[in-house]
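What follows is one structure encoded as structure tokens, with my remarks underneath.
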Amino acid sequence: MTKQDIVNRLIDPPRQPAVESASAYAPVNIALCKYWGKRDEELNLPVTSSLSISLAGKGTETKVALHDEPHDALSINGNEVSPTAKAAQRMSGFLDLFRGERQRSFRVETESNIPIAAGLASSASAFASLVKALNDLFGWALGGQSLSILARMGSGSACRSVYDGFVEWHVGVAEDGMDCFAEPLEQTWPALRLGLVTVSDAEKPIGSRAAMKRTRETCALYESWPVKVADDLICLKEAIRERDFERLGATAESNALAMHATMIATWPPVLYWLPESVATMHRIWELRDKGLPLYFTMDAGPNVKLLFEEAHAEEIVDTFPGAEIIVPFPS
Ligand code: PMV
């Protein structure tokens, strides 16, 4: 089964553009229960379900149009990107799925307001916004499930960035991944806050795709990961329904640490933490011991994402003055 087979099934027949150009926005997302490991590398099918929160106003706006040049063109935040650059090659590889018989090429302009230095995965909002913009350009009129499946084939976690708020990505069982898409949860949590603590903006030693693969192949602890995820998903959904912050925070933090434990137990080991990441964790634990309801999560990088509620924002901003505070459910 190839990505092209799936695209042909979802979009039939290939169409001419409905409009000259189209723009769409998608937010970045941070997983409270992580996606770590693929069961199908080609289609980006995960080993487990996962659950995230979209960051509302932090994301990517993408404008797409067909153009008459022989090759695709990409600009990021107003700067033309060389066609040989990694980002351009990755995007063109994805656009190959939509060129049709005439092998059309595209011009793509993206604008992100994501603090890149904070190590947020901008590929998730980039692919989700590109898929939404292509949907408008060609007038496919696809629903959320199909858009999520298409975005997933660009970057796994992009399937969650199709939506705002809390989002669950269903693992599915089908070999073709047609039941493997994300859906929004109906609950909101206006008092919830995230704080992005930037420890380093240096390029990661190993990307998440390669690190997940190595974990699956060599980590003896990995077999316990799906068991942990199944429990954590139940806890998180209950915590969200009951607005139980301590349960949400504790489950998200423990899930992130378990993911990192599988990476550390991989060979050769994958350790994204820097001494400052560990110092930040100790600081959080000290504050929590003193009664402050503050938790964290971390992704495939050294930066720390704080989880707290509005009532404690002042104290947390004082302690972490460099942190960028995000309101995932703006009023
Ligand atoms: O979608 P990818 O390939 O960027 O992988 C994302 C992996 C994590 O960010 C570590 C976890 C997650 O669920 O977002």
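Below, the figures for the structure above:
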| item | result |
| --- | --- |
| The range 140-166 and the range 206-225: distance between their alpha carbon centers, rounded to Å | 24 |
| Long-range amide H partners of Lys58 with built H, under 5 Å | Val28 |
| Cut-off 15 Å between beta-carbons: net charge of the residues surrounding Arg288, Lys and Arg +1, Asp and Glu -1 | -3 |
| Shape category assigned to the range 1-145 from the gyration tensor of Cα positions, a/c cut at 1.5 | oblate |
| Net charge, Glu217 excluded, C-beta distance under 12 Å - Lys, Arg +1, Asp, Glu -1 | +3 |
| The range 107-205, relative contact order [Cα under 8 Å, separation at least 6], % | 26 |
| Order by protection proxy (mean Cβ within 10 Å, highest first), peptides 249-260, 191-202, 217-228 | 249-260, 191-202, 217-228 |
| Straight-distance crosslink candidates among lysines, where the alpha carbon sits under 29 Å from Lys86 and sequence neighbours closer than 8 are dropped | Lys3, Lys34, Lys38, Lys58, Lys63, Lys132, Lys204, Lys213, Lys305 |
| Dipole axis of the chain (+1 Lys, Arg; -1 Asp, Glu on Cβ), positive-most option in His71, Ile240, Ala191 | His71 |
| Note, ³J(HN,Hα) from phi for the range 75-83, Karplus 6.51, -1.76, 1.60, rounded to Hz, x at Gly and Pro | 10, 10, 6, x, 9, 5, 9, 4, x |
| The chain: angle of helix 225-242 to the longest principal axis, Cα-based, in degrees nearest 10 | 80 |
| Angle between the chain longest axis and helix 122-138 axis [Cα atoms, degrees, rounded to 10] | 30 |
| Neighbourhood net charge (11 Å Cβ-Cβ; Lys/Arg +1, Asp/Glu -1) for Leu248 | -3 |
| Shape of the range 189-331, Cα gyration tensor, a/c cut at 1.5 | oblate |
| Amide hydrogen neighbours beyond the local backbone of Leu32, cut-off 5 Å, H modeled | Leu51, Ser52, Ile53 |
| Asp244 long-range amide H proximity, modeled H, under 5 Å | none |
| Part-to-part distance (alpha-carbon centres) for the range 28-99 and the range 244-273, which is given in Å | 25 |
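Quick note: the coordinates plus some simple rules give every number you see, no bench work behind them. Given the structure is predicted, the values throughout are model-derived calculations rather than measurements. When we count neighbours, we look across all protein chains shown, and the Cβ atoms used for this are built from the backbone with ideal geometry, even at glycine.
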